[in-house]
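Novice: Quick one: this structure, given as structure tokens, is what I'll be asking you about.
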Amino acid sequence: MKFQDIFVPRWQHSNPEVRIKAVNRMSDQALLNQIVEKDEDEMVCMAARERLEELTQEKVRVET
């Protein structure tokens with residue numbers, strides 16, 4: 001863990017595992033899209049994509 005990790009949101013943590021856990025709790029679709037596009041770790045990007053899919057499916061279920 002880096003010292004700066006104390007001061008940044010979990011989705012910006014230096015450890016990809018911590019970022020994945022944060023992504024799995026997120027509901028901000030714009031932020032998730034940003035993570036998909038910009039995170040350097042492929043597993044974090046994949047987790048963000050999967051979370052976006054979950055949120056989209058939940059929205060469809062609520063609207064129908």
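The values are calculated or read from the model by the stated rules, or taken from the named source; none is laboratory data. Since the model is a prediction, treat every value here as computed from it, not as a measurement. Note: ideal-geometry Cβ built from the backbone for every residue, glycine included; neighbour counts use all protein chains shown. For accessibility, only protein heavy atoms count, side chains too; no ligands or nucleic acids. Shrake-Rupley method; radii C 1.70, N 1.55, O 1.52, S 1.80 Å.
Novice: Among the residues of the range 1-13, how many are polar (S, T, N, Q) and under 19 Å from V36 (Cβ atoms)?
Specialist: First, pick out the residues of the range 1-13 that are polar (S, T, N, Q): 4, 12.
Narrowing the set further to residues that are under 19 Å from V36 (Cβ atoms) leaves 12.
Summing the residues that are polar (S, T, N, Q) and under 19 Å from V36 (Cβ atoms) in the range 1-13 gives 1.
Novice: Another question, then. How many residues are charged (D, E, K, R), modelled with pLDDT of 95 or more, open to solvent by less than 90 Å² (accessible area, probe 1.4 Å) and in a helix (DSSP H, G or I) when one looks only at the range 1-54? Write out each step before concluding.
Specialist: Of the range 1-54, the ones charged (D, E, K, R) are 2, 5, 10, 17, 19, 21, 25, 28, 37-42, 49-51, 53-54.
Those still in the list that are modelled with pLDDT of 95 or more too: 10, 17, 19, 21, 25, 28, 37-42, 49-51, 53-54.
From the residues that got through so far, the ones that are open to solvent by less than 90 Å² (accessible area, probe 1.4 Å) too are 19, 28, 39, 41, 51, 54.
Subset that is in a helix (DSSP H, G or I): 19, 51, 54.
Qualifying residue count for the region: 3.
Novice: Search the range 55-64 for residues being of a type outside the set (V, I, T) and surrounded by 10 or more Cβ atoms within 10 Å (Cβ to Cβ), and hand back the single one that is nearest to K21 (Cα to Cα).
Specialist: We begin by selecting, within the range 55-64, every residue of a type outside the set (V, I, T); these are 55, 57-59, 61, 63.
Within this subset, residues satisfying the condition of being surrounded by 10 or more Cβ atoms within 10 Å (Cβ to Cβ) are 55, 57-59.
Details: L55: 16, Q57: 20, E58: 19, K59: 22 Å.
For the range 55-64, the residue satisfying everything is L55.
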